[in-house]
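Here the structure is laid out as structure tokens; the discussion comes afterwards.
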Amino acid sequence: MSRTLLASLALAATLAAGCAGTATAQDPAKLNDLEIAHAAYVAGDIDVRNAHLALALSDDPEVRKFAELMISDHEAVNQAALDLLKKLKAEPQDNAFSQALLKGARDNWTKMAQLSGKEFDKSYAANELAYHQTVNKVVGDAFIPNVENGELKTLLGSALATFQAHEKHAEQMVADIGS
Amino acid sequence: MTPGTSGAGSAVWSRRHFLSLLAMAAFVRPANAEGAVVEIHQFKFVPAEIEVAVGSTVTFTNLDLVPHTATGDGFDTGTLKKGESKEITFSEAGDFPYLCTLHRHMKGRLRVR
């Protein structure tokens, strides 16, 4: 089984099962607006931290360029989310789904930090593809249909367009780096 | 009735004539004679292809959350954050394919005639 598929399945399992909290909070389709905002922010922040790990460990120009783009794009999306929450005078709510995301990410960072060279590059590329595939599915199938605030729904739509572009880019990076 | 003749009716006609001529002038003037706008929205250049007259100024405006560029042979908007615009004047005829250097699948084409 490919590393990409393994990473995808592992993350999907993490997202589906969660690691703590109530059953309600673990189901992304049952989060309230403020929990969705929190989870979306955490998902973006995780990829920024993935990118910083790549910049620390990779010498591959394509990997580094992708990582820099992830930092720039996800920080822009997250800033837009913070601006909207400020406008709405709302505070994002931590929840078990966000915690599951973070736990999966921390486990992944521990493994990734042990790698170097081509092995790291391949793992980073595969993980980025799997991560964006999974997050895009959650945002598109669970967050957007269920969020109630219109402005947050619009923001998530724009964010999804961004993450879908990243998914395509990650596909290309996986193909370019090879197996 | 000849435009410009005296009398109240003529004055009304003249105003209408003037306004309709003004409207016609606005309508028939090529949209790109003085300037054109390319919006960047949902990771696309809109319109993706545009033709402008030599000497026209094209305004690129980024409506996306994330930064983009419009970069082609001999021109570059630089990085445009959300809501930012850049005007570029095209003084020579030619075809100018361009892309976003940050998201290289985003492509557009300008034709300067």
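The values are calculated or read from the model by the stated rules, or taken from the named source; none is laboratory data. Because the structure is predicted, anything quoted here is derived from the model rather than measured. Here the Cβ positions follow ideal geometry from the backbone for every residue, glycine too, while neighbour counts run over all protein chains shown.
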Worksheet, complete the sentence: Scanning the stretch A:142-164 for residues that are closer than 20 Å to residue B:43 by Cβ and free of Cβ contacts under 8 Å to residues at least 60 places away in the same chain, the one surrounded by the fewest Cβ atoms within 10 Å (Cβ to Cβ) turns out to be A:154
Worksheet entry | Filter result (buried (at least 18 other Cβ atoms within 10 Å of the Cβ) and either modelled with pLDDT under 95 or part of a loop (DSSP other than H, G, I, E, B) (or both)) within the stretch B:83-97 | B:90
Worksheet entry | Lone unmet requirement of (1) aliphatic (A, V, I, L, M); (2) surrounded by fewer than 21 Cβ atoms within 10 Å (Cβ to Cβ); (3) away from every other protein chain (no Cβ under 14 Å) for residue A:175 | (3)
Practice prompt. Could you list all residues from the stretch A:116-141 that are of a type in the set (D, E, K, R) and surrounded by fewer than 17 Cβ atoms within 10 Å (Cβ to Cβ)?
Written response: A:118, A:119, A:137, A:141
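Could you list, in sequence order, all residues of the stretch A:123-168 that are within 12 Å of another protein chain (Cβ to nearest Cβ) and more than 21 Å from residue A:109 (Cβ to Cβ)?
Residues of the stretch A:123-168 that are within 12 Å of another protein chain (Cβ to nearest Cβ), as a first pass: A:154-168.
A:154, A:155, A:156, A:157, A:158, A:159, A:160, A:161, A:162, A:164, A:165, A:168, listed by residue number.
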Response to the item:
Out of (1) at pLDDT 95 or above; (2) touching a helix residue (DSSP H, G or I) at 6+ places or on another chain (Cβ under 8 Å); (3) among the β-branched types (Val, Ile, Thr), the one residue A:110 does not meet is (2)
Practice prompt. Determine whether the stretch A:101-115 contains at least one residue that is surrounded by fewer than 16 Cβ atoms within 10 Å (Cβ to Cβ), within 17 Å of residue A:44 (Cα to Cα), of a type in the set (Phe, Trp, Tyr) and in contact (Cβ under 8 Å) with a residue 40 or more places away in the chain.
Written response: yes
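Take the residues in the stretch A:60-86 that are away from chain B (no Cβ under 14 Å) and touching a residue at least 12 places away in the same chain (Cβ under 8 Å), then tell me which one is surrounded by the fewest Cβ atoms within 10 Å (Cβ to Cβ). Spell out how you get there, then give the answer.
To start, the set of residues in the stretch A:60-86 that are away from chain B (no Cβ under 14 Å) comprises A:60, A:63, A:85-86.
In the following step, the residues that additionally are touching a residue at least 12 places away in the same chain (Cβ under 8 Å) were identified as A:60, A:63, A:85.
On the way: A:60: 21, A:63: 23, A:85: 18.
So, considering only residues that are away from chain B (no Cβ under 14 Å) and touching a residue at least 12 places away in the same chain (Cβ under 8 Å), the one surrounded by the fewest Cβ atoms within 10 Å (Cβ to Cβ) is A:85.
Give the residue that is farthest from the other protein chains (Cβ to nearest Cβ), with candidates limited to residues of the stretch B:98-113 that are within 17 Å of the chain's Cα centre (by Cα) and part of a strand (DSSP E or B). First the steps, then the outcome.
First, the residues of the stretch B:98-113 that are within 17 Å of the chain's Cα centre (by Cα): B:98, B:108-113.
Those left that are additionally part of a strand (DSSP E or B): B:98, B:108-112.
Numbers: B:98: 17, B:108: 15, B:109: 20, B:110: 22, B:111: 26, B:112: 28 Å.
Taking the candidates together, the pick is B:112.
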Discussion item. Take the residues in the stretch B:50-64 that are without any contact (Cβ under 8 Å) to a residue 40 or more places away in the chain and either of a type in the set (D, E, K, R) or at positive phi (or both); name whichever of them is surrounded by the most Cβ atoms within 10 Å (Cβ to Cβ).
Written reply: B:64
Worksheet, complete the sentence: Note on the stretch B:36-77: residues assigned to a loop (DSSP other than H, G, I, E, B) and away from every other protein chain (no Cβ under 14 Å) are B:47, B:48, B:53, B:54, B:55, B:56, B:70, B:73, B:74, B:77
